[in-house]
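For reference, the structure discussed in these notes is given below.
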Amino acid sequence: MLTMPRGPWRTETHTTGPLTAGTGSTATITTARPVNTTRRSAGRRGARQGKTRRPVSQSTGVRGRVRLDAAVVVWAVFVIGLALFWLPLRGVELDAMSGYGLISVLPVPTLAGAAVLTAGFLITLGLSRPHRALLTVQLLCTAVSLHALAQALEPLARFPTAWQHAGFIEYITRTHGVDTLLDARFNWPGFFALIGFGTRAAGLDDLEPVLHWAPVLTNLLYLGPFALILRTLRATWRAKWFAAWLFPVANWVGQDYLSPQAFGYLLYLCWVAILVNWFQPAPATVRAEGRRRSPGARRTGRFWRAYDWTFGPMEPGELRRPPIDTRDRSVLFLLLVALIVVATASHQLTPFLMIATAAGLVVTRRCTLRGLPLLGSVIFVAWLSFMTRGYWAGHLGDVFGGVGRLGTNLSASVGDRITRGSPQLARVQSARIALAVLVSSLALLGLLRRRTRRTGDRVALVLLLAPLASFGLQSYGGEIALRTYFFMLPGACVLVSYLFFPARTVDPALDPAPAPDTEPVVVQAARRRPRRRRLRDTVPVFAAAVLALALVFGFVLVRFGNERFERVRAGEVKAFEVMLERRPKGAIDVVWLTAEDTTASGFPVMPWSHHGYERFEYPELHTARDTAGDVEAITARLREQGQTGFFVTTRGHEAYLNLSSGLPVSYSARLREALSRSGDLQVVFADRDAAVFALRSPPPQPDPALRRPARLSIGLTPWTPAGVVYLPVLLGVLMARELRRLRTPPGRRGGLRPYTMLVIPLLAGLIAVIAERFVMLN
Amino acid sequence: MAVLVLLLLVVPPAIGVAALLPGLDPAGRAVASAAGALVVVALVAEIMLVTSLWSPGGGLAAVAVISAVLLGLSRIRR
């Protein structure tokens, strides 16, 4: 089946040159490595490699043909897998879906196709050298196949919240402004402005195609910066490619639709990629770390053994990229600042994680821009104070107590609480938790495995742990665990991959000789490697395949596990258009039925407000679980609303009531029937997907006027003008300080002192102004 | 047509940023300049919105001007 590497060290394929794991320019060192190395470590290792290089470089003839055949076989497996996955999807009956979501209607060959695609990728990982084209095509096709599954089957863009975001964008392009009181998300309008600008400039009036394909596109875009992160790691090509493959597969969180968080995540990945590629300290500083005492002194006892294991000498888990010009680094630094400004203006959580990650990298000495976390924090807090006044003014306690409300709106369904309504949905939700726990714990095991090999993966550790800081920031309506998992993914995928492929590579071009006192450690680790190579190479690939299959099937189950109510049907969109047609002007009150406590999320599961956002209100009504009682209550509520009132029910929302609140499946049909028979009500719109009812003769009430929009304004207090002056000066000084640091050779810090002296009073002044604003404006 | 305009929106600033980063390897340069282009367009959109100067045509022009300035800066550097 596979051609397994023969000679010793063959599979420890060393990566060389400008190695890019994800993008695939990984080359085996077996032929590239100079025989006559001048490295101090050349002795033992060099001898071993010298011995083994020969069979590889001579691998022509039969061996070459066998290897080629293996690649051809994998190509064939891949094409078969793709065909098995996609071709049977033609006849899928979406309406037959059960509480398990999309997986319940998927044909068995499609699931088999997913398994074949996965197996094909893992077989490619088992080959003796990286077949870059094959790996890239398989990676991209797996990502597209998994993430486009529902998009390809459903005629309309899925996920109701995406339609609300379309509503924000429509509002901005129509009114050329925002209304900060309409929705908290309008205080961070950067992303909506970007999409509004782009679609308007391109003359796109219909946002549906953008909504429809955004998840697929964003997942593909994530792979670019993630590949840049991967190439800085000291790992084998297998580890890197497996990590790149895990990334889209483990991302079942569903935060990749057209949303500020999806955009923020892309910025976050770019931010991390730039930091680890071009702002890592010189290797000399890296090497000097991890040693607390002279190598000769040995301490015994369990404690010291654990201590030495934790803090003892360790090879860095990262490679240093070839150094670049200071001016290039200055441009990259300015790009980093622009990235965090855009992220701050677009999303409330992302900049916080950017700052946390940068701070983590600084603390672990993997980032030379030591002032960047402070700079980022100033931008973050300044935006919060000056630009989001509409969000916090008047209820500061709520905001900083538990900023849950806006997050829960976003999660129309991706809740992490287990429902009691439907055992099937509850199982899907448990599977989500299980998958998150599985990935996180395997990541920790991977970290430990690398540590036993004396490799300190600080960057991966920071990427894994820094997102946990967000727990301290916001509650996000119980959704923060999900968001944290989402942000932990880059680090987690790398570390999970290390669990199976832990060997590190040594790059002759970029990796200077280790200091003499670290060499025994390296050799020691090398000696511990098992001798039976075939087994050693096959077992990890098989183990990785088992995990990969579990993750792929887990993905198909949980990613589209809420599909019965996350799917958007044509009639549901039409229902809202009909209401707008019927009332071309003025407010519209959409009465809807709920069976839950709506204090956390007071909105129906419908594609609401995708047009005319500011005109809709959503008064809810608790169901009496009895059709006659509900008809009476609905009629009474519509009378209260007068001519603005409509009662709306949709299939997605009915599925939600059934699955999440345990309302019987037949209840909604019976209610619709009873409503249409009621003499007080008329059917405004009805089809299989949705129904809209209104009073036949609404009580004559004056049409309530719409509230004037609250535009973005910074809000004046006595000290605010001072803050407006301090802020740009402080940002300028902080940026000049970092630019100065880039020009200062390592070890010399004196040049920064004047900037630091300037920063302190300015920072104190700004903090005072921000505190004053919080007090005065609240 | 729409795709062409979108390319017109993103490609010039990407070229501008790439011109400012001559020392990077191709893959790194591609990702950094794509991020730069995204940031330029997003900042233009954000500033138009906050300053009540919303105009997609004007924004396109602003992006073009910024791209030209970035290219000019790279010329000066050389």
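Could you please let me know if A:Phe192 is crowded, with 23+ Cβ neighbours inside 10 Å, touching a residue at least 24 places away in the same chain (Cβ under 8 Å), at the interface with another protein chain (Cβ under 10 Å from one of its Cβ atoms) and more than 30 Å from A:Leu106 (Cα to Cα)? Yes: the conditions hold for A:Phe192. All told, B:Val11 meets the bar of being assigned to a helix (DSSP H, G or I), under 9 Å from the mean Cα position of the chain (by Cα) and either more than 9 Å from chain A (Cβ to nearest Cβ) or at pLDDT below 95 (or both). Here A:Asp205 fulfils each of the conditions (1) under 25 Å from A:Phe576 (Cα atoms); (2) surrounded by 19 or more Cβ atoms within 10 Å (Cβ to Cβ); (3) without any contact (Cβ under 8 Å) to a residue 40 or more places away in the chain apart from (2). The residues of the range A:98-122 that are crowded, with 20+ Cβ neighbours inside 10 Å, in contact (Cβ under 8 Å) with a residue 40 or more places away in the chain and more than 25 Å from the chain's Cα centre (by Cα), listed by number, are A:Gly99, A:Leu106, A:Gly120. If you check B:Ser52, B:Ser67 for being of a type in the set (Ser, Thr, Tyr) and surrounded by fewer than 17 Cβ atoms within 10 Å (Cβ to Cβ), only one passes: B:Ser52. In the range A:711-721, the count of residues that are under 30 Å from A:Met606 (Cα atoms) and in contact with a helix residue (DSSP H, G or I) (Cβ under 8 Å, 6 or more places away or on another chain) is one or more. Summed over the range A:706-742, the residues that are surrounded by 12 or more Cβ atoms within 10 Å (Cβ to Cβ) and assigned to a helix (DSSP H, G or I) give a count of 21. Criterion first (modelled with pLDDT under 95 and either assigned to a helix (DSSP H, G or I) or facing another protein chain (nearest Cβ under 9 Å) (or both)) does A:Phe333 satisfy it? For A:Phe333, the condition - modelled with pLDDT under 95 and either assigned to a helix (DSSP H, G or I) or facing another protein chain (nearest Cβ under 9 Å) (or both) - is not met. Only a single criterion out of (1) β-branched (Val, Ile, Thr); (2) at the interface with chain A (Cβ under 9 Å from one of its Cβ atoms); (3) touching a residue at least 12 places away in the same chain (Cβ under 8 Å) is not satisfied by B:Val69, namely (2). Across the range B:18-42, the qualifying residues are those that are facing chain A (nearest Cβ under 7 Å), surrounded by 21 or more Cβ atoms within 10 Å (Cβ to Cβ) and not small (Gly, Ala, Ser), and the one among them that is nearest to A:Val337 (Cα to Cα) is B:Val39. Restricting attention to the range A:155-183, which residues are farther than 30 Å from A:Leu89 by Cα, away from chain B (no Cβ under 14 Å) and either modelled with pLDDT of 90 or more or touching a strand residue (DSSP E or B) at 6+ places or on another chain (Cβ under 7 Å) (or both)? Of everything in the range A:155-183, just one residue is farther than 30 Å from A:Leu89 by Cα, away from chain B (no Cβ under 14 Å) and either modelled with pLDDT of 90 or more or touching a strand residue (DSSP E or B) at 6+ places or on another chain (Cβ under 7 Å) (or both), namely A:Gly167. Beta carbons closer than 6 Å, at least 6 apart along the sequence or on distinct chains, pair a first residue in the range A:555-568 that is closer than 14 Å to A:Gly421 by Cβ with a second that is assigned to a helix (DSSP H, G or I) and among the small types (Gly, Ala, Ser) for A:Arg564/A:Ala655; A:Phe565/A:Gly652; A:Phe565/A:Ala655. Would you call A:Leu339 in a helix (DSSP H, G or I) and more than 14 Å from chain B (Cβ to nearest Cβ)? No, not satisfied.
The values are calculated or read from the model by the stated rules, or taken from the named source; none is laboratory data. None of the values given here were measured: they were computed from a predicted structure. Please note: Cβ atoms are built from the backbone with ideal geometry, for glycine as well, and neighbour counts cover all protein chains shown.
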